[in-house]
Structure formats: C-alpha cells, structure tokens
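J.: Just passing along the structure, written as structure tokens.
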Amino acid sequence: MDDRRSNTALKPLVLLVEDEADLVTLLRYNLEKEGFRTLVAGDGEEGILLATEQAPNLILLDWMLPLTSGIEVCRQLRRNAKTRDIPIIMLTARGEEADRVRGLNSGADDYVAKPFSPTELVARMRAVLRRATPGLSDELLRFGDIEMDLAAHRVRRNGRDVHLGPTEFRLLRHFMQHPGRVFSREQLLDLVWGHDVYVELRTVDVHIRRLRKALNEDTETDLIRTVRSAGYALDLKTG
Ligand code: CA
C-alpha cells in the first residue's frame, strides 16, 4: 500500500477491485494523473477487506472476479455499516452483461462498460463523488417540481414548503439521488434505515405513504412509482 497520505490528504482515495493486471496498470496511471490516490485488490475478498479497513471515497468494482463475483462483493459492501455509503462503480463487459448487472440492481451507483476511455470513467467517477458528498456541490437536488435543499434541510414542491419527518426526508433524498431507479423494500431498509436497525418490511410502505401524502397536493402527480412485487422508484412516468 502507498503511504503518501500526509501530503495528499485531499485527494480522493479510490479502491480498484480488478484482477486484470494490464487494466490495473492503465487505471492506476490515469487515476493518479487525474489526482486520485489508488488502492488495488485483485479479488473480491481482498476488496471487501480493504474497503472496510481503508474507507476509500469510491470503489471501482469489476464484475468478473475470481471466487466472489463483483455483484456479490457489491451486496456485501452494501450490507456492512462501514462500507454501505461508499459509492461503487461497476466495471462490466459490453452489452448484455451490462444490462444483466443493471437488472440485478446490486446497489452500485453507476456502471461503466468495458472497453471504456479513462476520460469517460473519470467523468463518471467525479459525478458519483459529487452525488455522494452532500455539502460539496450538490446541496440542491431537483426532480420534476420537487426541490430539496440538503444544507437547509428543506423541501419544496411547486414553490410551497413540504414538511417531512426525518425518515421521509432521508427516503426522498435517496430517491432524488437515484432518480428512475427501482429499489426494493429490502434495499431501502438497508440504504435509508441502515442494516443494523431491525425494522419490518412493511414499515417502508408506511413511510412511503407518509412521503406521498406530504408531497402530493390534490391535483399533483404522484412521482413515487410503485413497482409491483419489486419496490419503489422516483419517476416521471406513472402507472
Ligand atoms: Ca475481471
């Protein structure tokens, strides 16, 4: 591991979980040139260990790994309180596989299909990092006519103030940070309530109901979509 932390404290630390040596070399070179510090794990187990011990700012996770697959690593990282909030970008092979990964909805923040250009990857990394660091630059989230000011802890729809309880606030923030994505009740419990808390699945429905009630005034469109037997999403398409 490198030990340049003292003079590079402000550079984001990226954990690269990838077994292809050539790609590791290429990525390390490009990421370090772009001002990131890097840590490398050659398999999923080591990746989980390093993620837990080093608390990186971002994880680049290959989907095809020996022993434990990238998807499984992603799930385990999301279940652990120490690594739950670390943004993850999955690196996948082209086409079908990328769709499959997306379909599996493992909890990754973004997906980049191989082969990719380092420039594209770095742009996606910066976008994910901005989203994951409230207070950095994305204090204001917008979706449709909903506006969420994270710093002021204030929500507005159509210009009027919406009053939310703390759980509804976190729930809405999560949806607004991942618009269009469907989250199961289990995922919402993990991501919004936290895995250590014991809450029944139907609690999610209760809070979704409260959130809808607070957000929607009579003629307004319900932007929270219920996806039968799958979960919920914040979406402009209803039904
Ligand atoms: Ca691989």
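The values are calculated or read from the model by the stated rules, or taken from the named source; none is laboratory data. Not measured: the values here are computed from a predicted model. Counting neighbours? That spans all protein chains shown, and the Cβs are built from the backbone with ideal geometry, glycine included. The area values use the complete protein model at the heavy-atom level, side chains included, leaving out ligands, DNA and RNA. Shrake-Rupley method; radii C 1.70, N 1.55, O 1.52, S 1.80 Å.
J.: Comparing ASP218, ASP161, ASP19, which has the greatest mean-square fluctuation in the GNM of the chain with Cα pairs linked when under 10 Å apart?
T.: Greatest mean-square fluctuation among the candidates belongs to ASP218.
J.: Within the chain, what percent of beta bridges assigned by DSSP are antiparallel, to the nearest 5?
T.: Percent antiparallel among DSSP bridges in the chain is about 50.
J.: Using only DSSP helix segments of four residues or longer, with each worth -39500 (n - 2.57), what per-residue ellipticity at 222 nm results for the chain after dividing by its residue count and rounding to 500?
T.: Computed ellipticity for the chain at 222 nm equals -11500 deg cm²/dmol.
J.: Now a separate question. Name the most mobile residue of ALA127, ALA81, ALA21, meaning the one with the largest mean-square fluctuation, in a Gaussian network model of the chain with Cα contacts below 10 Å.
T.: ALA21
J.: Suppose all protein chains stay in the model; what accessible area per residue would a 1.4 Å probe give for the chain, in Å²?
T.: With all protein chains present, the chain gives 52 Å² per residue.
J.: List, in order, the whole-Hz ³J(HN,Hα) value for each residue of the range 219-230 obtained from phi through the Karplus relation with A = 6.51, B = -1.76, C = 1.60 and θ = phi - 60°; use x for Gly and Pro.
T.: 8, 6, 5, 7, 8, 8, 9, 8, 9, 3, 6, 10
J.: Sequence gap of 8 or more, or different chains, plus Cα separation below 28 Å: how many lysine pairs satisfy both in the chain?
T.: The number of close lysine pairs in the chain is 5.
J.: Okay, moving on. Looking at the range 150-239, which GluC sites (Glu not before Pro) are DSSP coil and have at most 10 other C-beta atoms within 10 Å of their C-beta?
T.: Details: sites: GLU168, GLU186, GLU200, GLU217, GLU220; in loops: GLU200, GLU217, GLU220.
Those satisfying the criteria are GLU200.
J.: Could you tell me what percent of the accessible area of the chain is made up of carbon and sulfur, with a 1.4 Å probe and every protein chain present?
T.: 49
J.: How much accessible area does ARG28 have with a 1.4 Å probe, in Å² rounded to the nearest 10?
T.: 90
J.: Here's another thing I want to ask about it. Points 7 angstrom from Cα along the Cβ direction at ASN30 and ARG126: gap in nanometres?
T.: 1.4
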